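Taking it in order: structure first as structure tokens, then the write-up.
The values are calculated or read from the model by the stated rules, or taken from the named source; none is laboratory data. Remember, predicted model here, so these are calculated numbers, not experimental data. Don't worry about glycine lacking a Cβ; one is built from the backbone with ideal geometry, like all the others, and counts go over all protein chains shown.
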Amino acid sequence: MSDSSQHGAGCQKCPRKESSLVDTNSLAESTISEDTIDQHPNYTQASWQEEQDLARKITSIRTNATSDPKYEVDFEDDQDQMNPKNWSLMYKGMSIAFLSWNTLVVVLYSTSYTSGVVDIAVELGTSSTIVTLGLTLYLIGLAVGSMFMAPLSEVYGRKPVSVACLFIFMVLIIPCARAESVATLITLRFIGAFFGSVMISTAPGMVSDLVNDEERALAMSIWSLGPMNGPVLGPIIGGFVTEYLGWRWMDWIALMFTGLALLFSLIMKETYGPIILQKKAARLRKETNDPYWSRYDQKASLGEILKVNLGRPFVMAVTEPICIFWNIYIAIVYGILYLCFTAYPIVFREIRGWSLGLSGLAFLGIGTGCVTTIACEPLIRRMINSHKVDPETGKVPPEAMVSIVCICAILIPAGELWFAWTCVPASIHWIVPILAGIPFGAGNTGVFIYASNYLSYSYGVYAASAMAGNSVIRSILGGVMPLVGTYLYAGIGPNWSGTLLGLTEVAIIPIPFVFYKYGYKIRRKSALIVQMQEDKKRLEGKRARHQQRLETKANAETTEKGKMDV
């Protein structure tokens, strides 16, 4: 238990004899343990030792040699308004809405571009395939940027990094709107996406900063309304804007949307607990001249943190069975989703003769499916929580979330095959292929939300690395598939193209089912997860022993004081 120090609010009075305690929200000690080196041929003894040394720097805290325990700064209690989790429900709801909008803007800008591909190609004198590279490189820019933005936000704080990167993203939209060559356009879109990725990488963390574990699923579902519907709203808005105002106006409208997003970021307060505590300690040191400190003050340099964050995702992507199979599964699903942004214009504009604006409305089916899945979150949560509790953790196992992915894995190819054989000929009523987008969109949304949650819950403190590797792989495939789609649909036609894609999705259905049934055993064979669990047990043991010593000392002091009083 802790209370306020006589020198200032938030100072822990309980002395800390253990100097090696590490907060579980900070970066983990290492990805590979010494006794599992032989299971990882990519690691040498030297490289493992180097990562261990670096990890200790990243996760270390100040020791009693340099920091007086009574001056440690922490959040006081459940009412401390400096803790984002204690902010009012209204403010947290507003913040999540802001984050959802900000992420929507970045994602929407990726797909709104597809509406103007033909017009851009004509005006700039190039082929539609070359222009489509603007979408491909944008997605790759989001993936690459995400790997840098997350560690930057941990060093400098969520707010300053978000504000700075959104400002740069906004500024880069201006030359895109005025570009006179396709090379300039696609290069600027890549750079802009690199900075815009700040919302992709930090927004989920900011949502988690705001809510407790019990509220996280609902909060994440509300936030995901933006990123999940952004790809769908892009062609709808972009279609009408391009048709009536020209393709350059889509950039100007995106500039306005981003300006609003930047305003929202400026309004929001910092949500990252370690940064808040660092600033609190610095303020108290300045006001009192006492050596206030927080357990997050001592950390590795940005370069060292980037070294871990950039290397670990790729190591996990090729050595961890869970990452390997889920990266393949999610990447294929994501790639086929983005291929739709090529396929739908072919079907509804070229074959059915719809206008540019109306053809964008065809995506409403997918959008309806997305919203349906998110609206069913309370029901889905009950389904997940109905699973048998893991006796070791007292919670349902991560595989409970895979049960939802199994359902979605069937909905996706069902919607794809439905669309494949009703999109043409044009004599089939237009509502039939659009309705096919509902199960397709619902399935895609469920896969992205709950497969990502499975990776996060499986890897715990290594979740960011698992998700970063997944983001890179899926974004590359998502960027390449629209390039392939044009030739695929032209070569074998919409019916057989859709069938090929649908059967591909059928072929990967076993992946979630295998993990639902055998995921527990697979996790048990992961050296990384086993080591993480062992580290967690050791940490809990240290904390228990530390607390026991504190209680023993307190009892001894009470007894001694009682004797003196007598």
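Mind counting the residues in segment 274-304 that are assigned to a loop (DSSP other than H, G, I, E, B) and in contact (Cβ under 8 Å) with a residue 24 or more places away in the chain?
Residues of segment 274-304 assigned to a loop (DSSP other than H, G, I, E, B): 289-292, 294-301.
When the remaining residues are screened for being in contact (Cβ under 8 Å) with a residue 24 or more places away in the chain, the result is 290-292, 294-300.
Number satisfying all stated conditions: 10.
Determine whether segment 277-291 contains at least one residue that is touching a His at 6+ places or on another chain (Cβ under 8 Å), buried (at least 20 other Cβ atoms within 10 Å of the Cβ) and more than 30 Å from Thr129 (Cβ to Cβ). Talk me through it step by step, then tell me what you get.
Looking only at segment 277-291, we keep the residues that are touching a His at 6+ places or on another chain (Cβ under 8 Å), and these are 284, 288, 290.
This time we only want the ones that are buried (at least 20 other Cβ atoms within 10 Å of the Cβ), so: 284.
Now restrict to residues that are more than 30 Å from Thr129 (Cβ to Cβ): 284.
Checking segment 277-291: at least one residue is touching a His at 6+ places or on another chain (Cβ under 8 Å), buried (at least 20 other Cβ atoms within 10 Å of the Cβ) and more than 30 Å from Thr129 (Cβ to Cβ).
Restricting to segment 260-272, what's the tally of residues that are under 10 Å from Asp209 (Cβ atoms) and either without any contact (Cβ under 8 Å) to a residue 12 or more places away in the chain or buried (at least 20 other Cβ atoms within 10 Å of the Cβ) (or both)?
First pass over segment 260-272, keeping only residues under 10 Å from Asp209 (Cβ atoms): 270-272.
From the residues that got through so far, the ones that are either without any contact (Cβ under 8 Å) to a residue 12 or more places away in the chain or buried (at least 20 other Cβ atoms within 10 Å of the Cβ) (or both) too are 271-272.
So the answer is 2.
Checking the condition outside the structural domain of Pro151 (by TED's automatic domain parsing), over 28 Å from Ser465 (Cβ atoms) and of a type outside the set (D, E, K, R), which residue from Asn327, Asn289 passes? Before you say what the answer is, go through the steps one by one.
Values: Asn327 fails: over 28 Å from Ser465 (Cβ atoms).
Being outside the structural domain of Pro151 (by TED's automatic domain parsing), over 28 Å from Ser465 (Cβ atoms) and of a type outside the set (D, E, K, R) holds for just one of Asn327, Asn289, which is Asn289.
Just one of the numbered conditions (1) among the hydroxyl-bearing types (Ser, Thr, Tyr); (2) in the same structural domain as Ala150 (by TED's automatic domain parsing); (3) assigned to a helix (DSSP H, G or I) is not true of Thr271; which one?
Answer for Thr271: the failing condition is (3).
Results for (1) loosely packed, with under 14 Cβ neighbours inside 10 Å; (2) at pLDDT below 95; (3) in a helix (DSSP H, G or I), shown as yes or no for each residue.
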site	(1), (2), (3)
Ala490	yes, yes, yes
Ser497	no, no, yes
Tyr516	no, no, yes
Gln533	no, yes, yes
Ala554	yes, yes, yes
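Every residue, every condition in (1) modelled with pLDDT of 95 or more; (2) more than 19 Å from the chain's Cα centre (by Cα); (3) farther than 12 Å from Leu233 by Cα, yes or no:
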residue: Pro84; (1), (2), (3): no, yes, yes
residue: Trp87; (1), (2), (3): no, yes, yes
residue: Met94; (1), (2), (3): yes, yes, yes
residue: Ala97; (1), (2), (3): yes, no, yes
residue: Ser100; (1), (2), (3): yes, no, yes
residue: Leu104; (1), (2), (3): yes, no, no
residue: Val118; (1), (2), (3): no, yes, yes
residue: Ala121; (1), (2), (3): yes, yes, yes
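All but one of (1) within 18 Å of Pro84 (Cβ to Cβ); (2) in contact (Cβ under 8 Å) with a residue 24 or more places away in the chain hold for Ser208; which doesn't?
It is condition (2) that Ser208 fails.
When you scan segment 465-474, do you find a residue that is of a type in the set (Val, Ile, Thr) and within 16 Å of Tyr329 (Cα to Cα), even just one?
Keep residues of segment 465-474 that are of a type in the set (Val, Ile, Thr), which gives 472-473.
Subsequent filtering for residues that are within 16 Å of Tyr329 (Cα to Cα) retains 472-473.
Yes: one or more hits.
Out of Ile346, Ile384, Ile407, Ile366, which single residue is within 21 Å of Met467 (Cβ to Cβ), assigned to a helix (DSSP H, G or I) and either among the aliphatic types (A, V, I, L, M) or at pLDDT below 95 (or both)?
Details: Ile346 fails: within 21 Å of Met467 (Cβ to Cβ); Ile407 fails: within 21 Å of Met467 (Cβ to Cβ); Ile366 fails: within 21 Å of Met467 (Cβ to Cβ).
Within the list Ile346, Ile384, Ile407, Ile366, the selection yields Ile384.
For residues that are surrounded by fewer than 23 Cβ atoms within 10 Å (Cβ to Cβ), of a type in the set (Phe, Trp, Tyr) and touching a helix residue (DSSP H, G or I) at 6+ places or on another chain (Cβ under 8 Å), scanning just segment 91-124, find the one that is farthest from Leu137 (Cα to Cα).
The selected residue is Phe98.
Give me a count of the residues in segment 86-118 that are hydroxyl-bearing (Ser, Thr, Tyr), over 14 Å from Val207 (Cβ atoms) and assigned to a helix (DSSP H, G or I). Talk me through it step by step, then tell me what you get.
The initial filter retains those residues of segment 86-118 that are hydroxyl-bearing (Ser, Thr, Tyr), namely 88, 91, 95, 100, 103, 109-115.
After this cut, where a residue has to be over 14 Å from Val207 (Cβ atoms) as well, the list is 88, 109-115.
Then drop every residue that is not assigned to a helix (DSSP H, G or I), which leaves 109-115.
Qualifying residue count, segment 86-118: 7.
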